[in-house]
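In what follows, a single structure is set out as structure tokens and then discussed.
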Amino acid sequence: MKIVQTFAEARELAGGRVGFVPTMGYLHEGHISLVDAARRESDTVTVSIFVNPLQFAPSEDLASYPRDLDRDVALVEAAGADIVFAPPLAEMYPSDPLTRVTVSDVTETMEGAIRPGHFDGVATVVAKLFAGIAPDAAYFGRKDAQQLVTVRRMTADLSFPIHIVGSPIVRESDGLALSSRNTYLNRDERIAARSLSTGMFAVAAAVRGGERSGTVLEQIAAGPVDAEPGIDLDYATLADQESAATIDALDRPAFLAVAARVGRTRLLDNVHIDPDGGDWVPDEGIRLDTTSILYREA
């Protein structure tokens, strides 16, 4: 495996079908599942590790975001990656960028309403990575559901010849969706945070039982979070998988997304609901049966 710092090096080393996994580092099994998917479908697997400042607001956790490049390199090498693209800031942004990528409409609800400018930062860095790496396919987790919608739309609108693959959420053994920010939680917060996934599993059960009302499903998702002291719910929303628009009923491919602040840590979760013939199938993700690598040495 090669570690490079420039786009030119990454392109020069790649060959055949290139599968690309963009990350901000401090990797966990969710990221590794994307590397695994890329490995199965690609001749070259490139993983980027870059904490993108454009997607953080001044009040957010850019400075404290966890970083450990040596750990991350060891993990992706073990997973079978061929190239790690770990650029310095000057490679990604040689000067303050005057060009930003804005994907309207799909970014105006949920995370976009709460974090103005966040998705402009995401779309801009992903567009730069796509242009610089030139992959054939790019792999994203379904946990950041609105981000996945944004990337798909940007890719189509800008005619990037890249196949976007969305992979299931990977969850800790107790159900909490894996996130690098889980490491911020203290013991009590960690217990309280399980209410997000409890709501998601209840939504999945309700869908399997025939519930189709958006209002009811949103109430089911919000219930466990609202009942937990010390958590502030931002939203529980049933949204269209293609447009991220809020919908009133489960009548198209959708996701039920929830976001909440647990202490000082903001967490996301969702359950995607996909058609299968005449029925609807909730994707509850994949649950680990061991302690996550977030909490132990690589």
Worksheet item: For the range 101-108, what does the Karplus curve 6.51 cos²θ - 1.76 cosθ + 1.60, with θ = phi - 60°, yield as ³J(HN,Hα) per residue in whole Hz, taken in order and with x for Gly and Pro?
Response: 9, 10, 10, 6, 6, 5, 9, 9
Worksheet item: What residue among Gly175, Gly277, Gly141 shows peak mean-square fluctuation when the chain is described by a Gaussian network model with Cα springs under 10 Å?
Response: Gly277
Discussion item. Rounding to the nearest 10 and keeping the result within 0 to 90°, find how far the Cα-based axis of helix 214-226 lies from the longest principal axis of the chain.
Written reply: 80 degrees
Practice prompt. Only Lys, Arg, Asp and Glu count, each charged at its Cβ (+1, +1, -1, -1), so figure out the dipole size of the chain about its Cα centre, rounded to 20 debye.
Written response: 380 debye
Worksheet entry | Computed E for Leu13/His163 - FRET, C-beta separation, R0 25 angstrom, nearest 0.05 | 0.75
Worksheet item: What residues qualify as long-range amide H neighbours of His163, i.e. H under 5 Å apart, gap of 5 or more or another chain, H built at 1.01 Å from N?
Response: Ala137, Ala138
Worksheet entry | Helix axis angle, 69-79 relative to the chain longest principal axis, alpha carbon, degrees | 80 degrees
Worksheet item: Between Leu178, Leu288, Leu238, which gets the highest mean-square fluctuation from a Gaussian network model of the chain, Cα cutoff 10 Å?
Response: Leu288
Worksheet item: What residues have an amide H closer than 5 Å to that of Asp283, excluding those fewer than 5 places away on the same chain, when H is modeled at 1.01 Å from N in the peptide plane?
Response: His272, Ile273, Asp274
Practice prompt. Please give the net charge around Ser64, taking every other residue with its beta carbon less than 14 angstrom from that of Ser64, where Lys and Arg add +1 and Asp and Glu add -1.
Written response: +1
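Would you work out the relative contact order for the chain, in percent, from Cα pairs under 8 angstrom that are 6 or more residues apart? If you can, show how the numbers build up before the last one.
On the way: 588 pairs, mean separation 54.8, N = 298.
For the chain, the relative contact order is 18 percent.
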Practice prompt. Taking H placed 1.01 Å from N in the peptide plane, check which residues at least 5 places from Ile247 or on another chain put their amide H under 5 Å from its amide H.
Written response: Leu238, Ala239, Asp240
Discussion item. Students often get this wrong: which residues of the range 259-282 have the backbone nitrogen under 16 Å from the point 7 angstrom along Cα-to-C-beta of Ser59?
Written reply: 260-267
Worksheet item: In whole Å, what are the Cα extents of the range 2-167 along the three principal axes, biggest one first?
Response: 38, 33, 31
Worksheet, complete the sentence: Once both label points are put 7 Å beyond Cα along the C-beta direction, the Gln5-Tyr93 separation in nm becomes 1.9 nm
Discussion item. Which one, Gly285, Phe130, Thr46, is farthest towards the positive end of the dipole of the chain when Lys and Arg carry +1 and Asp and Glu -1 on their Cβ?
Written reply: Thr46
Practice prompt. Tell me which label goes with the value of Cα extents along the principal axes in Å computed from the coordinates here: (1) 75, 43, 33; (2) 52, 41, 37; (3) 52, 47, 30.
Written response: (2)
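Any read-out appearing in this document is the output of simple, stated calculations on the displayed coordinates, not a laboratory observation. None of the values given here were measured: they were computed from a predicted structure. Neighbour counts are summed over all protein chains in view; Cβ atoms, including those assigned to glycine, are modelled from backbone coordinates with ideal geometry.
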